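> I am attaching a structure below and will ask some questions about it afterwards.
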Amino acid sequence: MHCPVCGHDCVTDARALLTELPGRFAPCPDCTGLVYDKQSPPPDIDAAEPCPSCGKRFIDEVFADIYRVMVGEGDLSGAEPLAAAGTPLIHPGHSLQRAPYLPSRSLVLLSRSVGDRAAARLVAEVPEVRGVVRTGAGTPGISDTDAAPMTYTLLAGCDVRADVFSTRRGPVVVYKQQSALHVEFPRGRNEKILALEREIGRCRPRTFVDACSGAGTLGIAAARAGVPHVICNDAWYAAACWTACNLQVNRESLGIEEVTIHRSYDDLRSRPVAQDPLLVATAAGREEVHVYQGDLRLLPAVLPPEIDLSALDLFEKADTGKVGRITRAWQARVGGVIFIP
């Protein structure tokens, strides 16, 4: 599938990605790897070469390579611990029992310290690096319904990567652009998906609304669970865009015959935060799915008359007063069962 960030075919359908997943980060019989102390600088030894048989390298040795490039460009002094280079996000992300051996273009680096020159070198010289993102304070996306959005900076390569989440009906694959959406790395148990499945089992909804959908994880999990009509919405352009893309990625397992994209990535990015709901994508087949970009407080205007179940996954969960006001307003206008994952 065409990637809206880099233009290459780096977004694959769920079946293809899942087929190669079991052995993707496993070593072959010829692989060797040194475990480094993450709280100390890496040892002063030559960079390890990829395995001649499978082309993979142990993640610590890849990270030592990243560290050395950053020292060479002056982003690190060489006295910092290995962990100071940044945070590695593997592609695709899924729950692992042991540290991975990385194939080519399987890692997105998030780092506060990395500069432009080092980022360009990392993508060019370290074969496992897929993209380099400079992070900052805060979390990408909209952290408050009335606040300005936050993004990180993609310095080099492509920061689109996938996560694989388990559901009772089977895995779902969720792609996202990591500089524009928050990290939600799979850890074996996903409490939000478990909460959704409990609610679906309890009230057997025919219509489910995820009013703050992010990249679409809960909406896709609901469709995977057999909810006939799913509506996803998010005010942030990247969330709505990748929810639409992820419907296409998971199309086969969802029984979707056709996904129609009504708004392009560039179109959505030109209006990064939406107020009035804008229809972004529709999917038809065994399940019917609609994706909107808009303020959740205005979403009821486009919803069908009977909504059985809604998820309000608000960023402002700590603000109980605000959560209460939004929940009460939703209950008055939409009705049905409401839960906060």
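> For the chain, what are Rg and Dmax over the alpha carbons, in angstrom?
Cα-based Rg and Dmax for the chain come out at 21.0, 66 Å.
> Nearest 10 degrees, 0 to 90: what angle lies between the long axis of helix 116-125 and the longest principal axis of the chain (Cα atoms)?
Relative to the chain, helix 116-125 is tipped by roughly 80 degrees.
> A further question follows. Of the residues ASP75, ASP46, ASP210, which exhibits the maximal mean-square fluctuation in a Gaussian network model of the chain defined by a 10 Å Cα contact cut-off?
ASP46
> When DSSP assigns beta bridges and you keep just the ones with both residues in the range 65-201, what percent turn out antiparallel, to the nearest 5?
On the way: 15 of 21 bridges.
DSSP beta bridges in the range 65-201 are roughly 70 percent antiparallel.
> With angles folded into 0 to 90 degrees, how steeply does helix 237-249 sit against the dominant principal axis of the chain? Use alpha carbons for both and round to 10.
The angle comes out at about 90 degrees.
> Kindly report, to the nearest 10 Å², the accessible surface of HIS182 as traced by a 1.4 Å probe over protein heavy atoms only.
50
> When only C-alpha pairs under 8 Å and at least 6 residues apart count, what is the relative contact order of the chain, in percent?
Numbers: 720 pairs, mean separation 41.4, N = 341.
This gives 12 percent for the chain.
> Excluding same-chain residues fewer than 8 positions from LYS56, which lysines have a Cα within less than 26 Å of its Cα?
Qualifying lysines at Cα under 26 Å: LYS38, LYS176.
> Give me the percent of the accessible area of the range 1-98 that comes from carbon and sulfur atoms, probe 1.4 Å, all protein chains in place.
52
> Any idea what diffusion coefficient the range 77-131 gets from Stokes-Einstein, in µm²/s, Kirkwood Rh on alpha carbon pairs, 25 °C, 0.890 mPa s? Intermediate values should be presented prior to the final figure.
Numbers: Rh = 12.2 Å.
Calculated translational D: 201 µm²/s.
> Using only the heavy atoms of the protein chains and a 1.4 Å probe, how would ILE256, ILE340 rank by accessible area, largest first? Intermediate values should be presented prior to the final figure.
Numbers: ILE256 10, ILE340 75 Å².
Putting ILE256, ILE340 in descending order of accessible area: ILE340, ILE256.
> How much FRET efficiency would the formula 1/(1 + (r/R0)^6) give for ASP266 and THR19, where r is the Cβ-Cβ distance and R0 is 51 Å, rounded to 0.05? Present the calculation step by step, with values, prior to reporting the outcome.
Values: r = 32 Å, r/R0 = 0.62.
After rounding to 0.05, the efficiency reads 0.95.
> Find which of GLY226, GLY141, PHE315 sits farthest along the positive direction of the dipole of the chain, computed with +1 on the beta-carbon of Lys and Arg, -1 on that of Asp and Glu, about the Cα centre.
Comparing the listed Cα positions along the dipole, GLY226 ranks first.
> Let me ask something else about it. Using a 1.4 angstrom probe on the protein heavy atoms only, line up ASP295, ASP267, ASP37 by accessible area, largest first. Before the final figure, lay out the partial values.
Details: ASP295 10, ASP267 60, ASP37 90 Å².
Putting ASP295, ASP267, ASP37 in descending order of accessible area: ASP37, ASP267, ASP295.
> What is the range 116-199's relative contact order, in percent, from Cα pairs under 8 angstrom and six or more apart in sequence?
Working: 118 pairs, mean separation 21.3, N = 84.
Reported as a whole number, the value is 25 percent.
> Rounded to the nearest 500 deg cm²/dmol, what is the calculated helix-only ellipticity per residue at 222 nm for the chain, with -39500 (n - 2.57) per DSSP H run of length n ≥ 4?
Calculated from helices alone, the mean residue ellipticity at 222 nm is -8000 deg cm²/dmol.
> Another question about this same structure. On a 0 to 90° scale, report how tilted helix 191-203 is relative to the longest principal axis of the chain, with both axes built from alpha carbons and the result rounded to the nearest 10.
20
> Considering only DSSP beta bridges where both residues belong to the chain, give the percentage that are antiparallel (nearest 5). Intermediate results must be reported in sequence, preceding the final value.
Numbers: 28 of 50 bridges.
Roughly 55 percent of the DSSP beta bridges within the chain come out antiparallel.
> Size of the range 114-256 along its principal axes in angstrom, Cα-based, largest extent first?
Projected onto its principal axes, the Cα set of the range 114-256 covers 54, 37, 25 Å.
> Now a separate question. Within the chain, what is the longest stretch that has no GluC sites (Glu not before Pro) placed in a DSSP loop and near at most 15 other beta-carbon atoms within 10 Å?
1-305
> Same structure, new question: Filter the trypsin sites (Lys or Arg not before Pro) in the range 1-59 to those in DSSP coil with at most 13 other Cβ atoms within 10 Å of their Cβ, and list the result. Walk me through the numbers before you get to the answer.
Values: sites: ARG15, ARG24, LYS38, LYS56, ARG57; in loops: LYS38, LYS56.
Of the trypsin sites (Lys or Arg not before Pro), the ones in loops of the range 1-59 whose Cβ has at most 13 other Cβ atoms within 10 Å are LYS38.
> Would you mind computing the Rg to Rh ratio of the range 1-96 from its alpha-carbon coordinates, Kirkwood style for Rh?
That ratio is 1.03, to two decimals.
> Ok, one more. Could you order LEU110, LEU18 by accessible surface area, starting with the largest, using a probe radius of 1.4 Å?
Values: LEU110 15, LEU18 50 Å².
Most to least solvent-accessible, the answer reads LEU18, LEU110.
> Which residues' amide hydrogens lie under 5 Å from the amide hydrogen of VAL160, considering only partners 5 or more residues apart or on another chain, with H built in the peptide plane?
Amide H neighbours of VAL160, under 5 Å, 5+ apart: GLN178.
> Rounded to the nearest Å, what's the spacing between the alpha carbon centres of the range 1-68 and the range 69-114? Just the number, please.
10
> Modelling each spin label as a point 7 Å along the Cα-to-Cβ direction, I'd like the MET1/CYS54 distance in nm, to one decimal.
If labels sit at MET1 and CYS54, their model points lie 2.8 nm apart.
> Say we join alpha carbon atoms closer than 10 Å with springs in a Gaussian network model of the chain; which of GLY141, GLY226, GLY188 then has the biggest fluctuation?
GLY188
> How much length is gained on full extension from GLU257 to GLN331, taking 0.36 nm per residue of separation minus their Cα-Cα distance? It would help to have the intermediate numbers written out before the result.
Values: separation 74, 0.36 × 74 = 26.64 nm, distance 3.29 nm.
Going from the current span to full extension adds 23.4 nm.
> List the relative contact order of the range 15-91 as a percent without decimals, with contacts defined as Cα pairs under 8 Å and 6+ residues apart. Each step should come with its number before you reach the end.
On the way: 67 pairs, mean separation 24.4, N = 77.
Relative contact order here is 32 percent.
> Using θ = phi - 60° and the Karplus form 6.51 cos²θ - 1.76 cosθ + 1.60, what ³J(HN,Hα) does each residue of the range 61-75 get, whole Hz, x for Gly and Pro?
6, 5, 5, 5, 4, 4, 4, 5, 5, 5, 5, x, 9, x, 6
> Also: If R0 is 51 Å, what FRET efficiency do you get for LEU34 and GLU316 from their C-beta distance, rounded to 0.05?
Details: r = 44 Å, r/R0 = 0.87.
Calculated value: 0.70.
> So, in Å, what gap is there between the alpha-carbon centers of the range 238-255 and the range 184-230?
14
> Additional query: Sorted by mean Cβ packing within 10 Å, highest first, what order do the peptides 87-96, 155-164, 323-332 take?
Going from most to least packed, we get 155-164, 87-96, 323-332.
> Just to be sure I follow: if Rg is taken over the C-alpha atoms of the range 204-340 and Rh is the Kirkwood radius over the same atoms, what is Rg/Rh? Mind showing how you got there, number by number?
Numbers: Rg = 14.0 Å, Rh = 14.7 Å.
Ratio value, two decimals: 0.95.
The values are calculated or read from the model by the stated rules, or taken from the named source; none is laboratory data. What you see is a predicted model; the values in this text were computed from it and never measured. Every residue, glycine among them, receives a Cβ derived from its backbone with ideal geometry; neighbour counts consider all protein chains shown. For the accessible areas, the whole protein counts, side chains as well, though only heavy atoms, and no ligand, DNA or RNA atoms are used. Shrake-Rupley method; radii C 1.70, N 1.55, O 1.52, S 1.80 Å.
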